[in-house]
Amino acid sequence: MAPAQNRIEISYNGKTVALPLIEGTEAEAAIDIRNLRQQTGLITFDPGYANTGACKSAITFIDGEQGILRYRGYPIEDLAEKSTFLEVAWLLIHGELPSRPELESFSGEITRHTLLHENFARFFSALPKDAHPMPVCAAAVAAMATFYQEPESDDTIHKTVIRLLAKMPTIAAYSYKHYIGQPFIYPRNDLDYCSNFVRMMFATPCEEYEIDPLYAKTLDLLLILHADHEQNCSTSTVRMVGSSQANLFASISSGISALWGPLHGGANQKVIEMLEWIAQNDGNADRFVARAKDKNDTTRLMGFGHRVYKSYDPRATILKKYCEQILAKVPAGSPSAKLFDIARKLEEIALSDEYFVKRKLYPNVDFYSGVIYKAMGIPTNMFTVMFALGRMPGWVAQWLESRRDPDFKIGRPRQIYVGATKR
Ligand code: ACO
């Protein structure tokens with residue numbers, strides 16, 4: 001039995017049982033309840049899993065009280081300043097930053113797998129013209145399992161990961177081109193990951209398209225900031241689906257669907273819709289904040305609050321700085337500049353309002369990301385797709401970690417049944 005300081009005792013029905021305590025490398029302690037039901041007949045009740053550690057993970061560390069986010073031990077601020085998205089993708093998936101030859105080979109492989117099978121053109125054309133790009137992407141990623149049917153093994157999984165990371169920008173751009181009725185633009189192998197994506201989104205076959213390096217750089221940064229965030233709703237979904245040993249494409253497709261919801265990745269779209277609504281109505285940020293506080297009104301201040309961060313989301317701090325740089329390029333008084341002004345005003349009001357202070361509600365990553373996308377010309381319904389593009393390496397890393405976990409088990413929570421008894 002574990003020594004007294006490493007266990008917790010609970011008494012129930014006249015019986016005392018000792019449950020072991022486990023501790024992570026950042027001194028987070030947890031009660032190991034794996035044998036709880038067997039020993040006591042009890043289960044735990046934790047809606048939304050706010051107190052439940054579903055796995056051990058060595059990928060991402062968050063301290064929500066202090067606003068700390070690290071991938072594999074590296075602070076997000078350092079990675080945002082010094083790395084590229086593909087470096088960060090390698091770091092998340094392999095656990096270490098890549099050497100120069102590793103990065104070159106990884107980038108080369110990704111570059112050479114960006115093309116989609118030509119039959120995908122028919123797949124896109126079968127969908128309604130006004131289809132939202134998120135379910136289109138989820139369906140396209142699931143459909144990749146039909147094009148690449150080799151069984152998953154250590155040898156083939158590497159190629160599956162490369163295909164996912166390489167083809168996701170092409171799928172994302174095609175889902176947009178389908179939506180606006182323009183021809184698909186093939187990827188180009190001489191361009192880096194983000195420049196290629198920007199070109200596939202905005203170029204047309206009729207004229208030369210010049211890629212703005214600031215936009216490609218900003219996009220790269222946005223993808224880094226979204227690359228992983230430990231056991232959130234979509235990542236837990238990827239792990240849950242993967243726990244049935246469903247393949248990687250199916251697991252990631254379900255993660256994209258989970259991310260679409262407005263309380264998760266869909267919040268960036270909701271933030272812009274909220275800012276536009278305020279701009280089109282009276283432009284009065286105070287009045288909107290009052291509605292968000294009113295318990296008889298379902299309005300929430302979108303882009304504010306977070307299940308884990310109870311202080312400023314570090315990603316929001318970085319994005320606010322970039323927002324200023326990007327917004328410096330758009331004319332004063334333009335719609336994007338107006339939205340940025342409203343966002344700043346909302347933030348200022350909320351941060352000094354007792355309602356938000358008491359509940360520790362601060363801007364999250366989505367609060368400023370939408371304003372940046374908007375200024376770059378990325379349409380609102382593509383915002384969550386951009387998030388999915390960034391989250392891809394995190395999902396992959398978490399899925400791989402879960403498969404290799406010695407504690408691996410199919411995910412299967414229990415319930416407290418409150419329905420009718422036998423009748
Ligand atoms: N506006 C107004 N009130 C809020 C907000 C908000 N954005 N967020 C939380 N609250 C209030 C709740 O009404 C609740 O008040 P109460 O204690 O009086 O009942 C209290 O703060 C706690 O809120 P919960 O919903 O219980 O917190 P939870 O951790 O479950 O939810 C969430 C977190 C979903 C992010 C929530 O803050 C929210 O809905 N925010 C707006 C949507 C958003 O921006 N989502 C993006 C999250 S980041 C991401 O997924 C990438």
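The values are calculated or read from the model by the stated rules, or taken from the named source; none is laboratory data. Predicted, not measured: the structure shown is a model, and the values here were computed from it. All Cβ positions, glycine included, derive from the backbone under ideal geometry; neighbour counts span all protein chains shown. Each accessible area value is taken on the protein alone, full model and side chains, heavy atoms only, with ligands, DNA and RNA left out. Shrake-Rupley method; radii C 1.70, N 1.55, O 1.52, S 1.80 Å.
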Among helices (runs of 4 or more DSSP H) lying entirely in the range 354-423, which contain 3 or more residues that are farther than 25 Å from LEU214 by Cα?
354-358, 383-404
Can you tell me which residue among ALA89, ALA58, ALA54 is in contact (Cβ under 8 Å) with a residue 12 or more places away in the chain, assigned to a loop (DSSP other than H, G, I, E, B), over 22 Å from ILE416 (Cα atoms) and touching a helix residue (DSSP H, G or I) at 6+ places or on another chain (Cβ under 8 Å)?
ALA58
Does PRO133 fit the bill of being in contact with a His (Cβ under 9 Å, 6 or more places away or on another chain) and under 19 Å from ILE252 (Cα atoms)?
yes
Considering the range 271-291, residues that are assigned to a helix (DSSP H, G or I) and without any contact (Cβ under 8 Å) to a residue 40 or more places away in the chain, and then whichever is farthest from the ligand (Cβ to nearest atom), we arrive at GLN280
Tell me which residues, restricted to the range 244-266, are open to solvent by 10 Å² or more (accessible area, probe 1.4 Å) and either away from the ligand (no atom under 13 Å from the Cβ) or in contact (Cβ under 8 Å) with a residue 40 or more places away in the chain (or both).
SER244, GLN245, ALA246, ASN247, ALA250, SER253, SER254, SER257, TRP260, PRO262
Given (1) open to solvent by 10 Å² or more (accessible area, probe 1.4 Å); (2) within 22 Å of SER253 (Cα to Cα); (3) not hydrophobic (A, V, I, L, M, F, W, C), identify the lone condition not met by ARG112.
(2)
Being near the ligand (Cβ under 7 Å from one of its atoms) and either of a type in the set (Lys, Arg) or assigned to a loop (DSSP other than H, G, I, E, B) (or both) is the filter here, so list the residues in the range 296-306 that pass it.
ARG300, LEU301, MET302, GLY303, GLY305, HIS306
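Is one or more of the residues making up the range 312-327 more than 28 Å from ASP63 (Cβ to Cβ), away from the ligand (no atom under 16 Å from the Cβ) and among the hydrophobic types (A, V, I, L, M, F, W, C)?
Filtering the range 312-327 down to residues more than 28 Å from ASP63 (Cβ to Cβ) leaves 326-327.
After this cut, where a residue has to be away from the ligand (no atom under 16 Å from the Cβ) as well, the list is 326-327.
Pick out the ones that are also among the hydrophobic types (A, V, I, L, M, F, W, C) and you get 326-327.
Looking through the range 312-327, at least one residue is more than 28 Å from ASP63 (Cβ to Cβ), away from the ligand (no atom under 16 Å from the Cβ) and among the hydrophobic types (A, V, I, L, M, F, W, C).
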